[in-house]
Amino acid sequence: MPVERSAGAVIFRGQGGQRLYLLLQYGKRKGGGFHWDFTKGHLDKGETTEAAIRREVAEETGIVEIEFISGFRETLRLFFRNPDGKTVLKFVAFRVARTKTAAVKLSPEHIGFVWLPYAAALRRLTFKNGKTLLMGVENFLNAHPAGTSL
């Protein structure tokens, strides 16, 4: 079975004393529909998780200034079918990152973005694994307020 490795980030910024999370709307793919998720992408050969995240965030959103919040690491394990019909095992290593940048310049693979507070972001996310990830991030950030001042 083919294996893919990717990296992604749950990005947030402060506004009005609350956290707003960045969600991207992915365009329609063969066999699927539009969906909302976090920024993520493949690791290039020899690339670290953090370097891949910085590159993917810049490519997908135009945001170049992010600060990783230490202590949160989550790897999702997913299965999907590639265009050849083969089942692929995919690992996506997620980190949490804060930014002060509100402006987003989308890449062609995305058709929309939104900054939302936790409850609205939880409702907007399409997939259960994204919702579970966001719940974990929110719990982590609430338990570590000194490192996440807005």
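Restricting to segment 44-53, name every residue that is surrounded by fewer than 20 Cβ atoms within 10 Å (Cβ to Cβ) and either within 12 Å of the chain's Cα centre (by Cα) or more than 15 Å from residue 96 (Cα to Cα) (or both).
Listed by number, the residues that qualify are 44, 45, 46, 47, 48.
Among the residues of segment 121-144, is any within 22 Å of residue 17 (Cβ to Cβ), among the acidic types (Asp, Glu) and at pLDDT 95 or above?
Among the residues of segment 121-144, at least one is within 22 Å of residue 17 (Cβ to Cβ), among the acidic types (Asp, Glu) and at pLDDT 95 or above, which makes the answer yes.
Going by the conditions given, is residue 11 assigned to a loop (DSSP other than H, G, I, E, B) and within 22 Å of residue 124 (Cα to Cα)?
no
Looking only at segment 120-129, decide whether some residue is closer than 22 Å to residue 49 by Cα and of a type in the set (A, V, I, L, M).
Checked segment 120-129: no residue is closer than 22 Å to residue 49 by Cα and of a type in the set (A, V, I, L, M).
What are the residues in segment 1-43 that are small (Gly, Ala, Ser), over 23 Å from residue 103 (Cβ atoms) and modelled with pLDDT under 90, if any?
Within segment 1-43, 31, 32, 33 qualify.
Condition first: surrounded by 14 or more Cβ atoms within 10 Å (Cβ to Cβ), without any contact (Cβ under 8 Å) to a residue 60 or more places away in the chain and more than 13 Å from residue 8 (Cα to Cα). Can you find one or more residues in segment 60-72 that meet it?
The answer is yes, given that some residue of segment 60-72 is surrounded by 14 or more Cβ atoms within 10 Å (Cβ to Cβ), without any contact (Cβ under 8 Å) to a residue 60 or more places away in the chain and more than 13 Å from residue 8 (Cα to Cα).
Which of the following residues is of a type in the set (S, T, N, Q) and either buried (at least 20 other Cβ atoms within 10 Å of the Cβ) or within 14 Å of the chain's Cα centre (by Cα) (or both): 18, 25?
After applying the criteria, what remains is 25.
Condition check: in contact with a strand residue (DSSP E or B) (Cβ under 8 Å, 6 or more places away or on another chain), more than 19 Å from residue 25 (Cβ to Cβ) and among the hydrophobic types (A, V, I, L, M, F, W, C). Does residue 72 satisfy that?
Yes; evaluated as a whole, the condition is true for this residue.
Each row is one residue, and each column tells you yes or no for (1) under 19 Å from residue 20 (Cα atoms); (2) of a type in the set (Ser, Thr, Tyr).
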{"residue": "49", "(1), (2)": "no, yes"}
{"residue": "56", "(1), (2)": "no, no"}
{"residue": "63", "(1), (2)": "yes, no"}
{"residue": "67", "(1), (2)": "yes, no"}
{"residue": "87", "(1), (2)": "no, yes"}
{"residue": "94", "(1), (2)": "yes, no"}
{"residue": "111", "(1), (2)": "no, no"}
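The values are calculated or read from the model by the stated rules, or taken from the named source; none is laboratory data. All figures in this text were calculated on a predicted structure; none of them were measured in a lab. With ideal geometry, Cβ positions are generated from the backbone for all residues, glycine too; neighbour counts draw on all protein chains shown.
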